[in-house]
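The values are calculated or read from the model by the stated rules, or taken from the named source; none is laboratory data. Fair warning: this is a prediction, and the values are worked out from it, not measured in the lab. Every residue, glycine as well, gets a Cβ built from its backbone with ideal geometry; the counts of neighbours run over all protein chains shown. When the accessible area is computed, the model is the full protein with side chains, heavy atoms only, and any ligands, DNA or RNA have been set aside. Shrake-Rupley method; radii C 1.70, N 1.55, O 1.52, S 1.80 Å.
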Amino acid sequence: MLRTHTCGALRIEHVGIPVVLTGWVQRMRDKGGLIWIDLRDRYGITQLLLEEGRSSAELIEKARTLGREFVIQAQGNVIERVSKNPKLPTGDIEIDLTNLQVLNASKIPPFTIEDETDGGEELRMKYRYLDLRRNPLKNNLLLRHKLSLETRKYLDSQEFVEIETPYLIKSTPEGARDFVVPSRMNSGEFYALPQSPQTFKQLLMVAGYDRYYQLVKCFRDEDLRADRQPEFTQIDCEMAFVEQEDVLRTFEGMMRYLFQTVKGIKLPAFPRMSYEEAMKKYGSDKPDLRFGMEFVELNRWAQGKGFGVFDQAELVVGISVPGAADYTRKQLDQLTEFVKRPQIGAKGLVYVKYNEDKTFKSSVDKFFDHEALQQWAEAFGAQPGDLMFILSGAKDTVRVQLSGLRLEMADQLGLKKPEDYKPLWVTDFPLLEWDEDTQRFHAMHHPFTAPKPEEAHLLESDPGAVHANAYDMVINGVEIGGGSIRIHDEALQKKMFSALGFSEEEAKNQFGFLMNAFQYGAPPHGGIALGFDRLAAIFAGRDSIRDFIAFPKNNAGRDVMIDSPSTISEEQLEELRLKIVKEKE
Ligand code: ASP
């Protein structure tokens, strides 16, 4: 090694020993007779010292030629600092420099390599390798590493085997578009990159591997949001000879293990909530349980009092916001605007202030007297000082709208505490959902998900009524993962494909291999996949997954550092027998 120690290693007990350090020049301070250099590497920062009169004039001259991010090798003796820095692990000592080697110079970096940088997002993406030198990103990647290590340890301890599955495959339906790769050797034909290894992991169960896992890249060509990436990593798992309960127990166990070992947090047992209950109480299939504001349905009390908007609605439903009765007119107007934005889409917002003096002030005082509002307050379990919001409309729509308002209020009141972890399982999803655009059913999870056995007979007569043996793991309003018990019976799988509108021919073309495999002793099986990037973000109490991926894409799906996607040469196109069709002007 070109060094004896890292920049994070030296402590007071090393005083007096000669050392060689290597790293990047983070900062230099030149105060006349004294020069300090902060030398940084992955492990930390160590201060180097030069002093006129003590250090050689030649060395001082050399030090003055250094710039930010120069890579150097520094030789010297560990001495005790006169003014110590308790914030740095190496803050008790510094290095009395005796020699200095520039290993490589650096251009002035386009942004400061500090915890708080002056670089904008796009610039930092372009110079990602510089951004990755900063502590916040470095710590994220180290956390990610620790998480993957502990995940593997846990799964190994439970007899799971890591098996790689191919990336050049054929479409696996997870509800997104495929990325496709043209085949040179089979001209006119394409591979698809896996949206997940779903079919392969099921085939591994048929093959008898019993417990499989893989930390695996998945590819989905979707319109990107801040928290989505076209390629992302899943902890993908499958188990044979299990029922839903076994899968839930195994992966709840994994999450508890991870929180314990990586964060020292003991998670409680995960509550279970059916999809229906989650929608009814929170208007979301991934409820954030860090705060209350459960929905209360008010039809009984709010209808028949002459207020047409409520009278005509299928559902009148609200939340009570603790301690918000002092919201001003302006704040209430802003919230009304908030729910009217197209993203939420409500027509209006009814509020009732339950004042500290037990009087009410509402936007519907004309229709509801004190007594009526008192009934509402009781239904909500509201206390003086609380603020009730009520929306009305078609059941499914209004619930989702109120969920948006609930989350907004939690934001405004600071109730989303990042390090307060509230996990749960959401179960009993509908098997299928009706799509108005295509006028057919889609698999809510994917087409290999098993219906609840007691409802399987409805698959032909009333497909929309069938529930699935499917489950999601949710933490703090984020879907961390999902899975299901699978169909392992060829005949049932055929029925499922037909409920999804596949002709027998189409099903055979796309999934014939799986149906064939089911003819050779497929065991009952089920599994789950957890979003690994998102898990890392959650562990750090953060929202965006991008900061937990070493080289992510931007919002337009581009890697601005390597400039991809990009065009390919005429020769490549020719070889692949592809032709670019220019869009008509
Ligand atoms: N393949 C599913 C997904 O990627 C997970 C599973 O069912 O195991 O969401």
Return the pairs, sorted by first residue and then second, in which the second residue is part of a strand (DSSP E or B) and at pLDDT below 95, the first residue lies in the range 230-254 and is closer than 16 Å to Val216 by Cβ, the beta carbons are less than 9 Å apart, and the residues are 6+ apart or on different chains.
-> Pro230/Asp221
Selected residue (criterion: farthest from the ligand (Cβ to nearest atom)) from residues of the range 151-179 that are open to solvent by less than 50 Å² (accessible area, probe 1.4 Å) and touching a Phe, Trp or Tyr at 6+ places or on another chain (Cβ under 7 Å) = Tyr154
Going through the range 79-105 one residue at a time, which ones are part of a loop (DSSP other than H, G, I, E, B) and either open to solvent by 40 Å² or more (accessible area, probe 1.4 Å) or not small (Gly, Ala, Ser) (or both)?
-> Arg81, Val82, Ser83, Lys84, Asn85, Pro86, Lys87, Leu88, Pro89, Thr90, Asp92, Ala105
Yes or no: Gln26 under 12 Å from Leu100 (Cβ atoms) and either in contact with a Ser or Thr (Cβ under 7 Å, 6 or more places away or on another chain) or surrounded by 15 or more Cβ atoms within 10 Å (Cβ to Cβ) (or both)?
-> no
Please find, among Met255, Met239, Met205, the residue that is crowded, with 16+ Cβ neighbours inside 10 Å, more than 14 Å from the ligand (Cβ to nearest atom) and hydrophobic (A, V, I, L, M, F, W, C).
-> Met255
If you go through Lys366, Lys281, the only one that is out of contact with any strand residue (DSSP E or B) (no Cβ under 6 Å at 6 or more places or on another chain), under 23 Å from Ala410 (Cβ atoms) and among the basic types (Lys, Arg) is Lys281
Matching strands (runs of 3 or more DSSP E) fully within the range 210-280 where at least 3 residues are hydroxyl-bearing (Ser, Thr, Tyr) | none
Please state which one of Pro384, Pro453, Pro423 is open to solvent by 50 Å² or more (accessible area, probe 1.4 Å) and more than 16 Å from the ligand (Cβ to nearest atom).
-> Pro453
Provide a single number: the residues in the range 246-261 that are in contact with an Asp or Glu (Cβ under 6 Å, 6 or more places away or on another chain) and β-branched (Val, Ile, Thr).
-> 1
Is it true that Glu231 is more than 21 Å from Thr151 (Cβ to Cβ) and either small (Gly, Ala, Ser) or more than 12 Å from the ligand (Cβ to nearest atom) (or both)?
-> no
Hey, any hits in the range 485-492 for a residue that's among the basic types (Lys, Arg) and open to solvent by less than 10 Å² (accessible area, probe 1.4 Å)?
-> yes
Would you point out which residue out of Pro194, Pro182 is in contact with a Leu (Cβ under 7 Å, 6 or more places away or on another chain) and either away from the ligand (no atom under 16 Å from the Cβ) or in contact (Cβ under 8 Å) with a residue 12 or more places away in the chain (or both)?
-> Pro182
Among the residues of the range 304-325, is any under 21 Å from Leu289 (Cβ atoms), surrounded by 17 or more Cβ atoms within 10 Å (Cβ to Cβ) and hydroxyl-bearing (Ser, Thr, Tyr)?
-> yes
Within the range 458-477, of all residues that are buried (at least 18 other Cβ atoms within 10 Å of the Cβ) and of a type in the set (A, V, I, L, M), the one farthest from the ligand (Cβ to nearest atom) is Leu459
Would you tally the residues in the range 150-201 being part of a loop (DSSP other than H, G, I, E, B), β-branched (Val, Ile, Thr) and at pLDDT 95 or above?
-> 2
Asp472: closer than 21 Å to Gln202 by Cα and of a type in the set (Asp, Glu), yes or no?
-> yes
Inside the range 35-58, the number of residues satisfying the requirement of being open to solvent by 50 Å² or more (accessible area, probe 1.4 Å) and not in a loop (DSSP other than H, G, I, E, B) is 5
Close pairs from the range 200-223: first at positive phi, partner buried (at least 23 other Cβ atoms within 10 Å of the Cβ) and aliphatic (A, V, I, L, M), Cβ under 9 Å, at least 6 apart = Asp210/Met239
Which residues, counting only those in the range 327-363, are part of a loop (DSSP other than H, G, I, E, B) and without any contact (Cβ under 8 Å) to a residue 12 or more places away in the chain?
-> Thr328, Arg341, Pro342, Thr359
Note: among Ile45, Ile12, Ile60, Ile93, just one is within 36 Å of the chain's Cα centre (by Cα), at pLDDT 95 or above and at negative phi, namely Ile45
Please enumerate the residues belonging to the range 469-513 that are touching an Asp or Glu at 6+ places or on another chain (Cβ under 9 Å) and in a helix (DSSP H, G or I).
-> Lys494, Lys495, Phe497, Ser498, Ala499
Selection count where residues are away from the ligand (no atom under 16 Å from the Cβ), among the small types (Gly, Ala, Ser), modelled with pLDDT of 95 or more and buried (at least 16 other Cβ atoms within 10 Å of the Cβ), scope the range 523-570 = 3
Of (1) crowded, with 16+ Cβ neighbours inside 10 Å; (2) of a type outside the set (S, T, N, Q); (3) more than 16 Å from the ligand (Cβ to nearest atom); (4) outside any strand (DSSP E or B), Leu391 satisfies every one except (4)
